[in-house]
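Below is one structure, written out as structure tokens, with a few remarks after it.
The values are calculated or read from the model by the stated rules, or taken from the named source; none is laboratory data. These numbers come from a predicted model, not from an experiment. All Cβ positions, even for glycine, are placed from backbone atoms using ideal geometry, and neighbour counts span all protein chains on display. What goes into the accessible areas is simple: the full protein's heavy atoms, side chains included, and nothing from ligands, DNA or RNA. Shrake-Rupley method; radii C 1.70, N 1.55, O 1.52, S 1.80 Å.
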Amino acid sequence: MKRLLVGMRKAITPQRDMFAGLIGGVAELPGMTEEDERYFRDIYDHLIRISDLIDTYRDLLTSSMDVYLSTVSNRLNTVMKQLTIMATVFLPLTFITGFFGQNFGWMVGHIGSGPVFFGLGIGLEIATVAALFTLFKKRGWF
């Protein structure tokens, strides 16, 4: 659409300038009567209106394109925020899982039963996720 409007502007502007020269008396046409001069003045007025309409439509098209790009940018920001939340949730889970996957002598000696393992291993992960979700709720991210 913008390319079409630029093409129309390239066609209308020289014609408007030519008719301005005819009306202003710069160029004299032999045999031009007063009725012909009114006719050319009327054409010149139409060309000015068309030129103004082209400029107005071009501005409207530019502003609508800006609104569209702003909407796309806002949608992208929302998606990026959701991806950041998911990455933030999985980062401590990965750390805790990796920490409990190591073979520490202290851990092997102190984690001897299933309930202690589930309490420290899985319970700590659930507590971390719950703490992150409450933090996100308080900040209005989620």
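Determine which lysines satisfy two conditions relative to residue 138: a Cα distance under 28 Å, and not lying fewer than 8 residues away in the same chain.
Once the sequence-local lysines are set aside, what remains near residue 138 is 81.
Which residues does the label zone of residue 13 cover in segment 30-54, counting backbone N under 18 Å from a point 7 Å along Cα→Cβ?
Output list for this probe position: 47-54.
For segment 45-78 and segment 1-26, what is the centre-to-centre distance using only Cα atoms, to the nearest Å?
21
Near residue 10, which aspartates and glutamates are there with a Cα under 15 Å away, not counting those fewer than 8 places off in the same chain?
52, 55
Measure off, as a whole percent, the carbon and sulfur share of the 1.4 Å-probe accessible area of segment 1-99, all protein chains present. Write down the numbers at each step before the final one.
Numbers: 4860 of 7580 Å².
The C+S portion of the solvent-accessible surface of segment 1-99 is 64 percent.
Which of the three applies to segment 1-65, rounded, prolate or oblate, going by the alpha-carbon gyration tensor with a ≥ b ≥ c and a/c under 1.5 meaning rounded?
prolate
Can you tell me the accessible area per residue over the chain, all protein chains present, probe 1.4 angstrom, in square angstrom?
76
Where does the chain land at 222 nm, in deg cm²/dmol rounded to the nearest 500, when only DSSP H runs of n ≥ 4 count, each adding -39500 (n - 2.57), divided by all residues?
-29000 deg cm²/dmol
If I compute percent of Cα pairs over 26 Å apart from the structure I just sent, which labelled value in [x] 63; [y] 29; [z] 26 lines up?
Among [x] 63; [y] 29; [z] 26, the one calculated here is [x].
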